[in-house]
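To start, the structure under review is shown below, and the notes come after it.
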Amino acid sequence: MDKPALRSLLRERRALIKPESHGLSRPTRQGRRAPGLSQAQIDQILHRAPDTYGRLESGRYPNPPADLLQDVARLLGMNEQEWVALWRYCLGQDPPFPLHSQSGEEIPGVWQEAVDGIAHMAYATDRSWNLLAHNQPWTTMFPGGRVPQNTMRWMTLDPAARETLTDWEHAWAPLVLPQLRAALAADPTDQTLAQIEKEVLADPLAAGIYNRSSAYFHLDGDERPLNHASLGPGWVTMCAAQPVAAPGARLIILVFHAGEKRRHTRAPMLRAKVQ
């Protein structure tokens, strides 16, 4: 537990919440009073025992439960980055779930400009693989420039994808479909992914691969065969990243090299040079 950092985070957020916004008044006792909600008022709002919040803010609450952290974070108006910081300062680990149900459904608009500035094919999706942003090089990968609105549905079900993703049955589907399974296991309420799963199970070829899949694979760093609509046959290496403020959203950069011959089984790892 990082008590100084925890105390600073909670005090700063607490100071921004006006008691009047919750039907409460500021204490009238003499003496210097900190701005925002008092510790006792937070206990009152959250229906917690006296000094529950005080113990949390001061670092006297070892292993606070997830529901308390969630209630406090939402009351104090934390964003996803502050939510992660709260868990790290309290428990030394990342939270097991996002703070807000809509997290991962949107990213700041500047991401389109950032994606446009990437020379390689690049796109960004939300947590359900709905397309949020993409650049022109990625558009050229598709016949007629017709980009899919949901990349998971395209990769798993679109007949055109099985032409673009070379050797789809062996080189792509066994790695893509476990991602769908893992995402639904993490959030069974995702209606978009649940519908894709339903369609996958109705597809004889995809269903067989899906039902045999168990382990979670990610394409990050892997090189796979691809039939580019403009550049022809080649191999593409996937680079995957996540916008910090949008848990579950992803940025995918596709490094394409034309030619029949594969460059390597896995891209070499980069390590910092320590002096």
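The values are calculated or read from the model by the stated rules, or taken from the named source; none is laboratory data. Everything numeric in this text was worked out from a predicted model, so none of it was measured. A quick note on method: Cβ atoms are made from the backbone with ideal geometry, for glycine too, and the neighbour counts reach across all protein chains shown. For accessibility, only protein heavy atoms count, side chains too; no ligands or nucleic acids. Shrake-Rupley method; radii C 1.70, N 1.55, O 1.52, S 1.80 Å.
Of note:
- With the alpha-carbon atoms of the chain aligned to their principal axes, the span from lowest to highest coordinate is 79, 50, 33 Å, starting with the largest.
- A crude spin-label estimate for the pair residue 147 and residue 48, with each label 7 Å from Cα along the Cβ direction, gives 4.3 nm.
- P(r), alpha carbons of segment 125-182 - 5 Å bins starting at zero, rounded %: 4, 17, 27, 27, 19, 5, 0
- Surface accessible to a 1.4 Å probe, residue 168 within the full protein complex, Å²: 10 Å²
- Solvent-accessible surface of the chain, taken per residue with a 1.4 Å probe and all protein chains present: 55 Å².
- Apolar share of the accessible surface for the chain: 53 percent from carbon plus sulfur atoms, 1.4 Å probe.
- Spread over its residues, the convex hull of the C-alpha atoms of segment 189-241 is 153 Å³ per residue.
- For residue 222, distant residues with modelled amide H under 5 Å away: 238
- For residue 17, the amide hydrogen comes within under 5 Å of the amide hydrogens of 37, counting only partners 5 or more places away or on other chains and with H modelled in the peptide plane.
- Sequence-separation-based contact order of segment 1-141, relative, with Cα cut under 8 Å and 6+ spacing, percent: 19 percent
- Pair-distance distribution P(r) for segment 133-261, from all Cα-Cα distances in 5 Å bins starting at 0: 2, 10, 19, 24, 21, 15, 7, 1, 0 percent.
- Entry note, the chain: the mean residue ellipticity at 222 nm calculated from DSSP H runs of n ≥ 4, each adding -39500 (n - 2.57), is -11000 deg cm²/dmol after division by the residues and rounding to the nearest 500.
- In percent, rounded to a whole number, the relative contact order of the chain is 16, using alpha-carbon pairs under 8 Å and six or more apart.
- Charge dipole (debye, nearest 20) of the chain; +1 at Cβ of Lys and Arg, -1 at Cβ of Asp and Glu: 1220 debye
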